[in-house]
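Colleague: Take a look at this one; I'll ask things after.
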Amino acid sequence: MRGLSVRAALVQMGPHIINRENWDWDQIDQNPFFSPDHACVQGWASYLDDIRKKGSSCGAIIEVEATGVPAGLGAPIYGKLDQDIAGALMSINAVKGVEIGAGMGAAALTGEENADEIRMGENGEPKFLSNNAGGILGGISSGQPVVARFSVKPTSSILTPRKTIDAHGNETEISTRGRHDPCVGIRAVPIGEAMVALVIADHYLRHRAQTGKG
């Protein structure tokens with residue numbers, strides 16, 4: 001799709017969150033964490049190394065942003081754009097939560113705060129003053145950047161013994177030996193990016209088939 005750009009970044013590792021004032025997409029390919037905040041990289045590296053040495057693991061949150069998405073993709077029901085994005089991201093292994101735009105944070109906003117007001121831009125096109133909806137209104141793209149975040153749980157294979165039961169119902173403990181990945185959320189960054197790109201491409205093709213436009 002001409003003009004479409006889909007990018008993803010790691011915005012939280014364990015309890016450590018990026019400073020959004022430092023957001024720089026050019027930093028994504030400059031560090032092993034796909035972090036847009038260069039200032040957090042060293043701290044993340046130390047934190048992850050400590051987690052690894054303890055044989056433990058941590059979770060992560062990834063943010064995906066798609067710009068250049070035309071208005072009109074999706075449907076008000078049975079094919080909502082946000083519905084399909086959420087389903088695609090939830091299909092990724094270890095993902096436990098998905099939100100679009102303000103997401104869970106919208107619950108703390110008033111109607112006035114949450115509403116994405118519109119004005120006329122200098123080019124004569126409508127311009128939104130905020131993007132709490134994450135670029136999707138009523139299941140249909142608004143022309144705003146589509147923004148989604150998803151959380152990845154800590155890797156379940158850890159060295160610390162955990163309580164469980166065996167095949168006979170006996171109480172026992174289990175710990176995982178061998179290969180250990182302290183944070184699978186790092187690998188999920190390009191996967192989430194690809195998933196959102198595929199969903200938008202699919203909706204673009206549906207839209208073209210229905211309208212003949214595009």
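No value in this document is a laboratory result; all are computed from the given coordinates. The structure displayed is predicted, hence computed values, not measured ones. No Cβ is skipped: glycine too gets one built from the backbone with ideal geometry, and neighbour counts run over all protein chains shown.
Colleague: Note the angle between two axes, namely the Cα long axis of helix 81-90 and the longest principal axis of the Cα atoms of the chain, as a number of degrees from 0 to 90, rounded to the nearest 10.
Modeller: 10
Colleague: If you fit an axis through the alpha-carbon atoms of helix 188-211 and take the longest principal axis of the Cα set of the chain, what angle between them do you get, 0 to 90°, nearest 10?
Modeller: Here the helix axis deviates by roughly 30 degrees.
Colleague: So how far apart, in nm, are the two label points at S46 and E122 if each is 7 Å from Cα heading toward Cβ?
Modeller: Rounded to a tenth, the inter-label distance reads 4.4 nm.
Colleague: Taking 32 Å as the cut-off for C-alpha to C-alpha distance, list the pairs among K80/K163; K96/K163; K53/K163; K96/K127; K127/K213; K80/K127 that go past it.
Modeller: K80/K163; K96/K127
Colleague: Quick one: if the Förster radius is 41 Å, what FRET efficiency do R177 and M104 give, using the C-beta to C-beta distance and rounding to 0.05?
Modeller: 0.65
Colleague: Next up: Tell me the Kirkwood hydrodynamic radius of region 56-214 in angstroms, computed as one over the mean inverse distance between distinct C-alpha pairs.
Modeller: When all Cα pairs of region 56-214 are included, the Kirkwood radius is 18.0 Å.
Colleague: Next up: Rounded to the nearest 0.05, what FRET efficiency do R206 and T67 have when you use their Cβ-Cβ distance and R0 = 25 Å?
Modeller: After rounding, the FRET efficiency stands at 0.80.
Colleague: How long are the three semi-axes of the equivalent ellipsoid of region 18-128, in whole Å, if each is the root of 5 times an eigenvalue of the C-alpha gyration tensor, listed from largest down?
Modeller: Ellipsoid half-lengths, sorted descending, are 32, 20, 15 Å.
Colleague: When the helices in the chain are scored as -39500 (n - 2.57) per DSSP H run of 4 or longer and the sum is shared across all residues, what 222 nm value do you end up with, to the nearest 500 deg cm²/dmol?
Modeller: -7500 deg cm²/dmol
Colleague: Can you compute log10 of I(q)/I(0) for region 112-179 with the Debye formula, treating each Cα as one identical point scatterer, at q = 0.18, 0.20, 0.25, 0.26 Å⁻¹?
Modeller: -0.78, -0.90, -1.14, -1.16
Colleague: Under 8 Å for C-alpha pairs, at least 6 residues apart: give me the relative contact order for the chain, rounded to a whole percent.
Modeller: Value for the chain: 28 percent.
Colleague: So what's the angle, to the nearest 10 degrees on a 0 to 90 scale, between helix 41-53 and the longest Cα principal axis of the chain?
Modeller: Roughly 30 degrees, rounded to the nearest 10.
Colleague: Now, a different point. Assuming R0 = 30 Å, can you tell me the calculated FRET efficiency for the pair R162 and D24, based on Cβ-Cβ distance, to the nearest 0.05?
Modeller: 0.15
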